[in-house]
Amino acid sequence: MSRKVDSVKDINNSKETWRLAVRIMDVWSVVNNKGIEHLEMIVMDSLGDRIQVLIRHDHLLKWKEVIKENMTCIINNGSVYNNDFQWKVCDHSKKLVFLGGTTMKAIELQNIPPKGYFFKDFGEILQGKCKTDRLEDIIGVVSEINHIQSNTPGKKVVVSVVLKDLKGNCINCNLWEIYGSKFLAYYNDPKNNGAIVILLTHAMETLCVTVATTLKFTVSKYGWFYYGCTRCSSKAPNPEKAYECSCGQNVEQPIPRYKIEIYVSNGESKYRFVFWDSECAAILGMTAEFMHNSMVENGEYDPMVYPDELEMLLNKKMAFRVKVQPTFSQASVWKLCDDEAFVKEIENDYIVEDV
């Protein structure tokens, strides 16, 4: 008598004798800071339910060459634990861990859907209907390049773009290292002159929303602006010289762009927020280039002298969407709103104080 197949949605920690008929949707290797490697993967059954699977380092050699992405198979036996992965890729509350007694047999299973994507709606992301420990699939067309950080000593390639979906919703997206380099190579190729669509799997949402009041400037050694590309907001390697930016622009004369650090508070809590060019220009009603030129016309060349007009950024209560950077004890402002009704709505509906 053959054993019946269990459904992924029914997996719990009541037993280890599970029998699953699944497709391997994705598989990847993880190496920790001690150089120890393990495998993680996502499997899906015929009902479309998914669960995250862990193969520990002591079972790695047995399975690393056997498991192939998109294969269908029968898996027998495995331990079940709470899904405590730092980054989760599906909604199942449990994870399956391979045992020494786990077996797997490759078999053609036509009733299991082929590998696909579970795209997260941009509208839900903008409304905060997402989990910060969840990796999502997203797709959108590139509508704008915000910033390009080149591969220089001590820094990795980062390309910040704005993605737009079919409904017109926009979100900011960072492409790191190899993904940023691939994007730039495609973007700067003269043969590719159409719209650029980006599809990301297992993308991470690292932004959060808060309400705070701006207090005072944090004076950095760079002053209130930096010199950047005329096309994107990437920093110029030398404001005195022409150069070719990573975005493909030949920059004859870099232009000043806002980068201002401000202390903000929410009750007794204080933190440093970094305000970038577009946000500052929107509030002040003038570009950093215009303000800098006005200073120079009045005989002031020192970037450490903060113009009086910048005071308009202070003593404002606003709703912020920020990317927290704990390594530098600061947060980068991605979007802000000072509309009183909206700020009140955010406070009432989303901001919860811990007791």
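If you go through segment 24-58 and keep only what is among the basic types (K, R) and either crowded, with 21+ Cβ neighbours inside 10 Å or not assigned by TED's automatic domain parsing to the domain that holds W87 (or both), you end up with just R50. Taken residue by residue, segment 331-347 has no member that is at pLDDT 85 or above, surrounded by fewer than 18 Cβ atoms within 10 Å (Cβ to Cβ) and aromatic (F, W, Y). Every listed requirement among (1) touching a residue at least 60 places away in the same chain (Cβ under 8 Å); (2) in contact with a helix residue (DSSP H, G or I) (Cβ under 7 Å, 6 or more places away or on another chain); (3) not hydroxyl-bearing (S, T, Y) is met by D49 save one, (1).
Within the set F273, F290, the sole residue that is among the aromatic types (F, W, Y) and part of a strand (DSSP E or B) turns out to be F273. Screening I74 on (1) loosely packed, with under 15 Cβ neighbours inside 10 Å; (2) among the hydrophobic types (A, V, I, L, M, F, W, C); (3) over 24 Å from the mean Cα position of the chain (by Cα) shows it passes everything except condition (1). Pairs are defined by a Cβ separation below 6 Å, a sequence spacing of at least 6 or placement on different chains, a first member in segment 185-196 that is in the same structural domain as G140 (by TED's automatic domain parsing), and a second member that is among the small types (G, A, S) and in a loop (DSSP other than H, G, I, E, B); the pairs so defined are N188/G248. Test A288 against the stated conditions and say whether it is at pLDDT 85 or above and in contact with a Phe, Trp or Tyr (Cβ under 6 Å, 6 or more places away or on another chain). So A288 passes the test.
Checked against (1) at pLDDT 95 or above; (2) on the phi > 0 side of the Ramachandran plot, I55 passes all but a single condition, namely (2). Across segment 218-261, the qualifying residues are those that are among the small types (G, A, S) and out of contact with any helix residue (DSSP H, G or I) (no Cβ under 8 Å at 6 or more places or on another chain), and the one among them that is surrounded by the fewest Cβ atoms within 10 Å (Cβ to Cβ) is A242.
Might you let me know whether segment 303-325 holds any residue that is small (G, A, S), surrounded by 16 or more Cβ atoms within 10 Å (Cβ to Cβ) and at pLDDT 85 or above? Please lay out each step first, then the result.
Within segment 303-325, the subset small (G, A, S) is 319.
Then keep just the ones that are surrounded by 16 or more Cβ atoms within 10 Å (Cβ to Cβ); that gives 319.
Next, from what is left, pick out any that are at pLDDT 85 or above: 319.
Yes - at least one qualifying residue is present in segment 303-325.
Has segment 203-212 got at least one residue that is of a type in the set (D, E) and modelled with pLDDT of 80 or more?
Taking segment 203-212 first, the residues of a type in the set (D, E) are 205.
Those still in the list that are modelled with pLDDT of 80 or more too: none.
Among the residues of segment 203-212, not one is of a type in the set (D, E) and modelled with pLDDT of 80 or more, which makes the answer no.
For the residues S233, S220, the requirement of being within 25 Å of the chain's Cα centre (by Cα) and assigned to a loop (DSSP other than H, G, I, E, B) singles out S233. May I ask you to list pairs of residues, at least six apart or on different chains, whose Cβ atoms are under 9 Å apart, with the first in segment 168-183 being of a type in the set (D, E, K, R) and the second being surrounded by fewer than 16 Cβ atoms within 10 Å (Cβ to Cβ)? These pairs meet every condition: E177/N151; E177/K156.
The values are calculated or read from the model by the stated rules, or taken from the named source; none is laboratory data. None of these values were measured; they are calculated from a predicted model. A quick note on method: Cβ atoms are made from the backbone with ideal geometry, for glycine too, and the neighbour counts reach across all protein chains shown.
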